[in-house]
Amino acid sequence: MKRDIVQHLPKIELHCHLDGSVRPHILEQLAQIQNRPLSATGPELAAKLIAPEECQSLLEYLERFDIVLPYLQEASALELIAYDLIAQVAAENVTYIEVRFAPMLFVKEGLTITEIVAAVLAGLKRGEVAFGVKSNALLCAMRHHSHQRNQEVIESAKEYLGRGVAGFDLAGDEANYPTADFSELISLGVTQQIPVTLHAGECGCPQNVAESIRLGATRIGHGIAIQKDPAVLQTCIENQTLVEMCPTSNFQTKAVLELADYPFKHFLEAGLKICINTDNRTVSNTTLTDEYLKLHQWYGIDYRCMETLNHNAVDGAFISDQVKEALHAQLTAEYAHLS
Ligand SMILES: [Zn+2]
């Protein structure tokens with residue numbers, strides 16, 4: 001596989017966090033506009049935003065977000081970073097992306113959840129007009145937030161469903177907040193027909209994956225721990241659950257320690273539906289092109305496999321059948337001449 005070909009081929013991304021994908025120069029721009037100096041600039045800032053290869057845990061990885069959050073408390077900032085994310089993905093021909101964010105992380109200076117969601121959607125829309133990339137947002141509840149706060153996120157997802165918001169997610173510290181504690185919250189979303197994808201099985205516990213599916217999630221973020229439990233793997237296969245794998249991030253957060261433990265091949269050969277994602281473009285210092293090239297380097301995947309992974313993403317995307325058909329057709333046409 002060649003970098004320029006991988007970069008130009010159409011790709012679908014379903015697991016990308018808005019606040020983990022703020023480019024350093026955009027953050028510097030926000031700091032200037034808001035007259036709120038950063039503790040570092042240039043390459044030093046970039047280094048601070050990227051999680052080290054040797055993070056000790058998911059928690060250490062998540063600390064990187066603390067640097068950007070103070071600058072994301074204004075509607076214009078949210079609009080700008082959403083627009084810029086679309087610019088980033090357009091540069092590597094991502095044709096459809098689901099962008100996720102936790103609105104409650106942006107309320108610290110008085111924005112309402114409605115203002116926050118509207119600002120992000122406006123940025124995504126402006127990006128679509130400028131670059132032709134279709135997108136939807138997924139609203140994340142946070143594991144460490146109160147039930148009431150998270151319930152507001154569900155209500156907002158319901159309000160904007162079909163108008164730029166396509167689903168709901170649960171993110172944050174999985175090790176200390178098991179999925180079972182959120183059954184009431186998730187059920188609330190499911191009963192309101194909000195599509196659900198949940199971060200689960202990133203931190204060693206396959207039970208969180210089983211619980212997520214039981215509660216109605218049709219997609220799982222990361223899902224690495226599925227490999228530990230054949231029964232959970234079987235449940236995922238039977239339910240055609242799509243697992244959103246994020247290779248670079250999974251090594252940084254210590255979801256896996258060694259390449260031999262990474263379950264990509266195992267999942268693929270078992271018939272589990274998987275797709276490939278960046279998780280956080282800045283914090284993981286990656287692009288979707290980089291992720292596919294890594295898989296090529298590690299496992300020798302070819303364009304055919306890359307095409308399959310993208311078709312899987314379309315199948316699991318929270319979009320209408322009509323939009324899916326168009327994306328499938330485009331993938332089929334543009335990968336056809338590659339061997
Ligand atoms: Zn994630």
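Since every read-out is calculated from the coordinates, none of them should be taken as a lab result. Small disclaimer: the values here were computed from a predicted structure and weren't measured. Every residue, glycine as well, gets a Cβ built from its backbone with ideal geometry; the counts of neighbours run over all protein chains shown.
Efficiency by 1/(1 + (r/R0)^6): what FRET value for Gln297 and His8, r their Cβ-Cβ distance, R0 = 22 Å, to the nearest 0.05? Can you show the working numbers first?
Values: r = 19 Å, r/R0 = 0.86.
It comes to 0.70.
In a shell of Cβ-Cβ distance under 15 Å around Leu105, excluding Leu105 itself, what net charge do Lys and Arg (+1) and Asp and Glu (-1) give?
Details: positive: Arg64, Arg100, Lys108, Arg143, Arg149; negative: Asp19, Glu63, Asp66, Glu74, Glu109, Glu115, Glu152, Asp169, Asp173.
Here the count lands on -4.
Could you pull the Rg and Dmax for the chain, using just the Cα atoms, both in Å?
18.6, 54
Report the gain in length on full extension from Gln29 to Ala130: 0.36 nm times residue separation, minus Cα-Cα distance, nm rounded to one decimal.
Numbers: separation 101, 0.36 × 101 = 36.36 nm, distance 2.01 nm.
Here the segment from Gln29 to Ala130 would lengthen by 34.3 nm.
Please report the relative contact order for the chain, taking Cα pairs under 8 Å with a sequence separation of at least 6, and give it as a percent rounded to a whole number.
RCO, the chain: 20 percent.
Near Lys228, which aspartates and glutamates are there with a Cα under 18 Å away, not counting those fewer than 8 places off in the same chain?
Here the aspartates and glutamates satisfying the reach criterion relative to Lys228 are Glu174, Glu202, Glu211, Glu238, Glu244, Glu258, Asp261, Glu269.
Taking 24 Å as the cut-off for C-alpha to C-alpha distance, list the pairs among Lys2/Lys125; Lys11/Lys108; Lys2/Lys254; Lys48/Lys265; Lys48/Lys254; Lys158/Lys254 that go past it.
Lys2/Lys125; Lys11/Lys108; Lys2/Lys254; Lys48/Lys265; Lys158/Lys254
Identify, among Gly316, Ala326, Gln252, the residue whose Cα sits farthest towards the positive end of the charge dipole of region 182-339, taking +1 on the Cβ of Lys and Arg and -1 on the Cβ of Asp and Glu, with the dipole about the Cα centre.
Result: Gln252.
Dipole magnitude of the chain about its Cα centre, charges +1 at Lys/Arg Cβ and -1 at Asp/Glu Cβ only, in debye to the nearest 20?
Values: 26 positive and 43 negative charges, 84 e Å.
It works out to roughly 400 debye.
Work out the FRET efficiency for Ala326 and Gln240 from their Cβ-Cβ distance, taking R0 = 30 Å, and round it to the nearest 0.05.
0.90
Kindly work out what percent of the DSSP beta bridges joining two residues of region 3-335 are antiparallel, to the nearest 5. Write out the running numbers ahead of the final one.
Numbers: 0 of 31 bridges.
Around 0 percent antiparallel, to the nearest 5.
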